[in-house]
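To keep things clear, I will list the structure first and then write my remarks on it.
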Amino acid sequence: MEIASVSQERRSRGRAGELEAEMTSNGKGSLEETRKRLVQVGAEEVSDQELVALLLGHGGAVQEPPLGLAQAALKEVGGVMGLVRAEPRRLAHVRGIGFARACLLKAAIELGRRAAVPAPPESRPITCSADVMEWLRCRLQDRKHEAIYALLLDAKHRVRSFVKLAEGSWSACPVDPKVVFSACLENATPCFILVHNHPSGDPQPSRQDLELTDRLTRGAHLLELRMLDHIIVSRGGCISLADRGLL
């Protein structure tokens, strides 16, 4: 068994050396090996560097081996999560990537994000914050700027639309209550859930969040509308102001 293991290790080292030589020459052979392995054992068994290299092998003239480019790019932006958070313009300035490959990377990341988002809760009534929190978290937790949205619901509390009302900076997003109420009236939806994200990662409501909630609750009552909840989304979790008795 020990002799077999040594022989196998030598074969592995020999193959690794061959792949390294192929990568150094033009990068094509190692990419072909990665593609074959992805098909044979599944994408989940392929490393971050190799997945990025498969994307970088397209979208422009290959000046350097894609595996080397992938390693350098991941190091520069801070790993996979750095790729997720980086703007296309930022990626385009990473050595060897450029505009076309930056767009390809962001498109692949966005497709993966959309595939991970649960189906929107459109057909069933919303009975509690848990019915929408996971859906909202997947959609909003990685946004870089604070933004305010509204889930517009019909009289049976079924979601009819999800609209962006305002977008601000990384730490604040003012919104005029008239914009919120206009969205409800234009869509003929008597109920709504206010939603906004905290890019800081801390979902705790600020004083401004509580003041906005109070203004909207009182204003909605005057217009015979109903604010069901105000949900704050962040990478650190989600908070429902209704669940905390702050509505």
Output yes when any residue across the stretch 215-222 is in the same structural domain as Ala147 (by TED's automatic domain parsing), at positive phi and surrounded by fewer than 18 Cβ atoms within 10 Å (Cβ to Cβ), and no when none is. no
How many residues does the stretch 72-97 hold that are assigned to a loop (DSSP other than H, G, I, E, B) and at positive phi? 2
Could you grab me the full set of residues in the stretch 139-156 that are within 21 Å of the chain's Cα centre (by Cα) and either over 30 Å from Lys106 (Cβ atoms) or in a loop (DSSP other than H, G, I, E, B) (or both)? Gln141, Asp142, Arg143, Lys144, His145, Glu146
Only one of these is β-branched (Val, Ile, Thr), under 21 Å from the mean Cα position of the chain (by Cα) and at pLDDT 90 or above: Val132, Val159, Val163. Name it. Val163
Of Glu64, Glu33, Glu50, Glu20, which residue is surrounded by 13 or more Cβ atoms within 10 Å (Cβ to Cβ), modelled with pLDDT of 85 or more, more than 23 Å from the chain's Cα centre (by Cα) and over 30 Å from Ser200 (Cα atoms)? Glu33
When Arg207 is run through (1) within 20 Å of His145 (Cα to Cα); (2) out of contact with any helix residue (DSSP H, G or I) (no Cβ under 8 Å at 6 or more places or on another chain); (3) in contact (Cβ under 8 Å) with a residue 24 or more places away in the chain, the failure sits at (3)
Tally the residues that are over 15 Å from Leu212 (Cα atoms) and surrounded by fewer than 18 Cβ atoms within 10 Å (Cβ to Cβ), restricting the search to the stretch 172-184. 1
Take Thr189 and tell me if it is farther than 20 Å from Gly168 by Cα, of a type in the set (Val, Ile, Thr) and in contact with a strand residue (DSSP E or B) (Cβ under 7 Å, 6 or more places away or on another chain). yes
Does Leu74 satisfy being in contact with a Gly (Cβ under 9 Å, 6 or more places away or on another chain), surrounded by 14 or more Cβ atoms within 10 Å (Cβ to Cβ) and within 13 Å of Val52 (Cβ to Cβ)? yes
Go through (1) under 15 Å from Leu246 (Cα atoms); (2) assigned to a helix (DSSP H, G or I); (3) among the hydrophobic types (A, V, I, L, M, F, W, C) one by one and return the number of the condition Leu136 breaks. (1)
Within the stretch 220-239, considering residues that are touching a residue at least 60 places away in the same chain (Cβ under 8 Å) and within 24 Å of Glu186 (Cα to Cα), the one farthest from the chain's Cα centre (by Cα): Leu228
Give Cys184, Cys238 a once-over and let me know the one that is touching a Lys or Arg at 6+ places or on another chain (Cβ under 8 Å), within 25 Å of Cys138 (Cβ to Cβ) and not in a loop (DSSP other than H, G, I, E, B). Cys238
Suppose we keep only residues that are over 25 Å from Arg235 (Cβ atoms) and touching a residue at least 24 places away in the same chain (Cβ under 8 Å) within the stretch 79-103. Which one would you say is surrounded by the fewest Cβ atoms within 10 Å (Cβ to Cβ)? Arg95
Out of the residues in the stretch 205-230 meeting the condition of being out of contact with any strand residue (DSSP E or B) (no Cβ under 7 Å at 6 or more places or on another chain), of a type outside the set (A, V, I, L, M, F, W, C) and not in a helix (DSSP H, G or I), tell me which one is farthest from Ala242 (Cα to Cα). Glu224
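The values are calculated or read from the model by the stated rules, or taken from the named source; none is laboratory data. Only a predicted model underlies this, so the values are computations on that prediction, with no experimental measurement involved. So basically every Cβ, Gly included, is an ideal-geometry build from the backbone, and we count neighbours across all protein chains shown.
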